[in-house]
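Below: one structure, written as structure tokens.
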Amino acid sequence: MRTYPGAPIVGIGVVLLRGAQVLLVRRGKPPGAGTWSLPGGGQELGERAEDCARRELLEETGLTAGPLTLIAHVDLIQRDAQGRIEYHYTILDFGGRYVAGEARAGDDVTALAWADVDALEDYALTEAACAVIARAVSVLPP
């Protein structure tokens, strides 16, 4: 149950870099339907975190990454109008470089874009997403 959970849900995100660009996806489902973010999704029982990152990246975008590095974690806690916790995700963000695949929107993604890391303002990303992207750019080898 993703809404009104009894405990936080582990989510996995991926900062996929290609040169000076980062891959962004437009979410098709709540939370965040219609907004731009990093590809990713919920970790399945028995699935290693890095395996989840690779699976979600492939399902949502058709792309694969080289070596992945754990970049950051983000806590997403969203309350409803009555103040109850509607969503609670602990998101582990991995970063890597593009290796292969033809970009296409899949799974719960309605669009994707390769965005210049120095020009993200058009995508109205959260502060947390911008911080994770900046950290990936500074940590990952070229």
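The values are calculated or read from the model by the stated rules, or taken from the named source; none is laboratory data. Note that this is a predicted model, so its numbers are computed, not measured. We place every Cβ from the backbone using ideal geometry, glycine too, and count neighbours over all the protein chains shown.
Side notes on the structure shown:
- Filtered residue count, segment 34-49, keeping only those that are free of Cβ contacts under 8 Å to residues at least 60 places away in the same chain, under 13 Å from the mean Cα position of the chain (by Cα) and either part of a loop (DSSP other than H, G, I, E, B) or under 16 Å from Val117 (Cα atoms) (or both): 1
- Those residues of segment 78-90 which are in contact (Cβ under 8 Å) with a residue 60 or more places away in the chain and either under 15 Å from Gln43 (Cβ atoms) or not in a loop (DSSP other than H, G, I, E, B) (or both), in sequence order: Ile85, Glu86, Tyr87, His88, Tyr89, Thr90
- Listed conditions (1) out of contact with any Phe, Trp or Tyr (no Cβ under 7 Å at 6 or more places or on another chain); (2) modelled with pLDDT of 95 or more are all met by Ala65, apart from (1).
- Test result for Leu17, touching a Ser or Thr at 6+ places or on another chain (Cβ under 8 Å) and either among the aliphatic types (A, V, I, L, M) or over 24 Å from Glu121 (Cα atoms) (or both): no
- Residue satisfying all of: in segment 89-109; more than 13 Å from Leu23 (Cα to Cα) and at pLDDT below 95; surrounded by the most Cβ atoms within 10 Å (Cβ to Cβ) among these: Tyr89
- Flag if Leu16 is assigned to a strand (DSSP E or B) and under 28 Å from Pro142 (Cβ atoms): yes
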